[in-house]
Structure formats: structure tokens, C-alpha cells
Amino acid sequence: MGRLLTVGLVLVGLAMVVSAEDTEQGGARVRFAPLDVYVNTDGAALAAYQFELIAAAGEVAIVGIEGGDHSAFKEAPYYDPAALAKDRVIIASFSTDRLLPRGRTRVARVHLQITGEEEPEYAVRLMVAASADGKEIPATVTFEQGEQE
């Protein structure tokens, strides 16, 4: 029982540290923020996508990637884990679900660590979007930066 309480207290302490809005790292301000990525198919059913995300300015590290809103893309997408330490990543996913999203859909949330005072700038490029039969469909990709954590 005592060991379980100790583990619980350690986890609570870690959660408090991770959820701190700003921290200092080597004298530089460090903050965390999510970046939501959306694919818009203008009504076509989206079965697969691939996009490239680049931190074009600022000191940014990708610290995690999770899936989107629709059940077809709820699971974390595919990406190169080595790219998490860099400022560029290619993210992709596909779904064989019968019910596929149409229109504007959040397909991924990218968690970022931002160091320093400079506001980061991002570039995102859709490489491909495809239907359930594997044919390329017209689509656009956009992003929105969420609130700092």
C-alpha cells in the first residue's frame, strides 16, 4: 500500500511539472502547445492522407503526435519517430472504415515544445489525399495552433 501511494504521489508531481505553462531551460523560456492539422475534401470521403509539417521559424521540437476527431482517424497516424527531435515530419494515415469523414476534418494533433521568445512559424504541405478506392482526391490542408499548455 505504501509503495502504491509513493508511485501515485510521484505521478501527481510529474503531472504538475508537465502541466506548468512556462518553464526555464538553460535560461530560455519553454512552453508547450498543440497544433491541430485539418484536411478538407470539400465533401469527398477521405480514406488516406499524407502531409509534411515544417517548423519554418523559431526553436520548435515535436514531442508527440496523436490522431484526429473522426473515428476513422482516431488512432495516432504513422510518422518517423526519429523526426520527433527535428523541425520537420511527414505524417500519414489510412482507414478501411465504411464511414469516412467528408469535408473539413481534424486528422492529427501535433504536440510542440517551443523554446525562446520567438513565435514559431509553420508550413504544412499536403502530399496526397485519397478515397477508399485509392484514387487521389482534391483536398487542402490547414492548421491551427491551440492554447499553450
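Here, each number is a calculation from the coordinates, and none is a lab measurement. Values in this document were obtained by computation on a predicted structure and should not be read as measured data. Neighbour counts are summed over all protein chains in view; Cβ atoms, including those assigned to glycine, are modelled from backbone coordinates with ideal geometry.
Taking 7 Å steps out from each Cα toward its Cβ at Thr142 and Glu59 produces label points 3.2 nm apart. For the pair Ala132 and Leu84, the difference between a 0.36 nm per residue extended length and the Cα-Cα distance amounts to 14.4 nm.
Once the mean of 1/r is taken over each pair of separate Cα atoms and inverted, the range 22-145 shows a Kirkwood hydrodynamic radius of 14.9 Å.
Filter the trypsin sites (Lys or Arg not before Pro) in the range 65-104 to those in DSSP coil with at most 15 other Cβ atoms within 10 Å of their Cβ, and list the result. Passing sites in the range 65-104 are Lys74, Lys86, Arg98. Multiplying the residue separation of Ala76 and Glu119 by 0.36 nm and subtracting their alpha-carbon distance yields 12.8 nm. This model, with +1 at the C-beta of Lys and Arg and -1 at the C-beta of Asp and Glu, gives the range 22-145 a dipole about its Cα centre of some 460 debye.
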